[in-house]
1. Applying the selection to segment 289-317, what residues are on the phi < 0 side of the Ramachandran plot and part of a loop (DSSP other than H, G, I, E, B)?
2. Counting only residues that are surrounded by fewer than 23 Cβ atoms within 10 Å (Cβ to Cβ) and of a type outside the set (D, E, K, R), how many does segment 22-39 have?
3. Within segment 262-274, work out how many residues are outside any loop (DSSP other than H, G, I, E, B), surrounded by 18 or more Cβ atoms within 10 Å (Cβ to Cβ) and not hydrophobic (A, V, I, L, M, F, W, C).
4. So which of E320, E235, E259 is of a type in the set (D, E), in a loop (DSSP other than H, G, I, E, B) and over 20 Å from the mean Cα position of the chain (by Cα)?
5. Which numbered condition trips up S98, out of (1) touching a strand residue (DSSP E or B) at 6+ places or on another chain (Cβ under 6 Å); (2) of a type in the set (S, T, Y); (3) not in a loop (DSSP other than H, G, I, E, B)?
6. When you look at A31, is it at pLDDT 85 or above, under 19 Å from Q11 (Cα atoms), outside any helix (DSSP H, G or I) and hydrophobic (A, V, I, L, M, F, W, C), yes or no?
7. Scan segment 198-226 for residues that are closer than 14 Å to E261 by Cα and not in a helix (DSSP H, G or I) and report the count.
8. Keeping to segment 61-83, report how many residues are more than 18 Å from D308 (Cβ to Cβ), in contact (Cβ under 8 Å) with a residue 60 or more places away in the chain and not in a helix (DSSP H, G or I).
Amino acid sequence: MKTRSFEDLRQEVWERGTCSGCGACVAVCPADAICFDRTGGSLVPRNIGYCKQATDEVACGACYDACPRTSEKPDEILGPHLGILSARAAMDVPRRQSGGAVTAIVAAALDRGLIDAVVTVSEDRWSLRPISTVITESGELVRQAGSRYNWWVPLVSALKTAVIERKFQHIAVIGVPCVAQAVHAIRGSSNDLLKPFGAKIRLVVGLFCTETFDYRVVAEDILSRQHRIDTWQVERLDVRKGLHITLKDGSAVVIPLSELEQAVRPGCRHCRDFTAVCADVSAGAIGSPPGHTTLIIRSPAGKAFVNDAISSGALLAGGEVDIAAIEKLGRVKAARAKD
């Protein structure tokens with residue numbers, strides 16, 4: 001089988017507008033030759049002009065093999081699973097979305113030594129700019145809790161920091177469906193350059209997602225120019241039938257989803273995966289009562305992490321799950337997707 005290079009990735013994904021912006025190619029490139037020029041700004045990565053394979057004829061293909069858009073795309077709504085439950089964090093998670101269950105599961109795993117690092121998204125509290133980061137302490141994870149996956153960032157790019165630079169051995173990755181797909185590709189790849197990454201990933205938590213938004217469009221255009229809201233005034237953001245903005249003075253603004261269409265990343269139009277079917281555990285607010293998180297347990301590892309969080313008292317299970325509501329929103333996303 002022909003080994004693909006970044007040229008194939010550029011032609012098949014970047015130039016066709018299907019790039020998800022997950023950053024997996026940035027993380028796994030052994031030559032550090034792929035980058036995003038502006039976090040939250042670039043629609044696709046950029047190659048700096050060098051490729052081991054295209055330039056020096058040294059077999060590589062890491063970027064192509066890690067990309068979630070070069071393999072078969074998930075086309076299921078619920079996907080394979082071992083169980084579905086509703087849960088919430090037992091601890092106080094001040095900025096949590098829904099029930100804070102993801103924070104509880106991963107924080108408990110850090111405290112109990114089941115993982116030693118988390119690749120996720122944090123943010124600059126002043127500018128709200130999302131950052132791909134590595135977190136190693138449960139307290140910091142709790143402080144950074146909240147959904148930034150609504151504003152795009154090449155999340156998987158921090159995997160290089162976790163694996164190559166900081167040498168962590170047991171990593172959890174939290175991300176939207178394209179991130180879960182990329183990590184699934186990395187874990188299952190026979191490419192020798194991807195094996196060191198796949199071997200270090202112990203848990204993948206996938207977040208329900210309809211689409212992600214470009215930071216510059218949302219923060220600099222929609223919030224600042226159109227609504228005269230500075231990012232430092234924002235206390236909380238949530239997307240549910242519109243962008244709900246809670247300001248630090250206690251007031252609130254709701255921006256209709258129709259106004260956010262201009263901010264949706266083009267690559268999201270090609271994704272049918274609402275529930276992150278490639279994760280070990282998937283999580284989202286849909287289907288659970290207020291203050292709770294829906295958890296779809298997909299693998300034995302995912303089940304073990306959830307059970308450990310429950311047995312340690314970090315996670316409280318309970319409440320009915322409205323599976324029909326999840327399937328309904330999943331069908332809406334699938335219907336909008338382009339081939």
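1. So the first thing to find is which residues in segment 289-317 are on the phi < 0 side of the Ramachandran plot, and the list is 289-290, 292-312, 314-317.
Result: P289, P290, H292, R298, S299, S312, A314.
2. Residues meeting the conditions: 6.
3. Residues in segment 262-274 being outside any loop (DSSP other than H, G, I, E, B), surrounded by 18 or more Cβ atoms within 10 Å (Cβ to Cβ) and not hydrophobic (A, V, I, L, M, F, W, C): 2 in total.
4. E320
5. Condition not satisfied by S98: (3).
6. On the way: at pLDDT 85 or above: yes; under 19 Å from Q11 (Cα atoms): no; outside any helix (DSSP H, G or I): yes; hydrophobic (A, V, I, L, M, F, W, C): yes.
Considered against the rule, which asks whether it is at pLDDT 85 or above, under 19 Å from Q11 (Cα atoms), outside any helix (DSSP H, G or I) and hydrophobic (A, V, I, L, M, F, W, C), A31 comes out as no.
7. Residues in segment 198-226 being closer than 14 Å to E261 by Cα and not in a helix (DSSP H, G or I): 5 in total.
8. Going through segment 61-83 one residue at a time, the tally reaches 15.
The values are calculated or read from the model by the stated rules, or taken from the named source; none is laboratory data. What you see is a predicted model; the values in this text were computed from it and never measured. Positions of Cβ are generated from backbone atoms using ideal geometry, with glycine treated the same way; all protein chains shown enter the neighbour counts.
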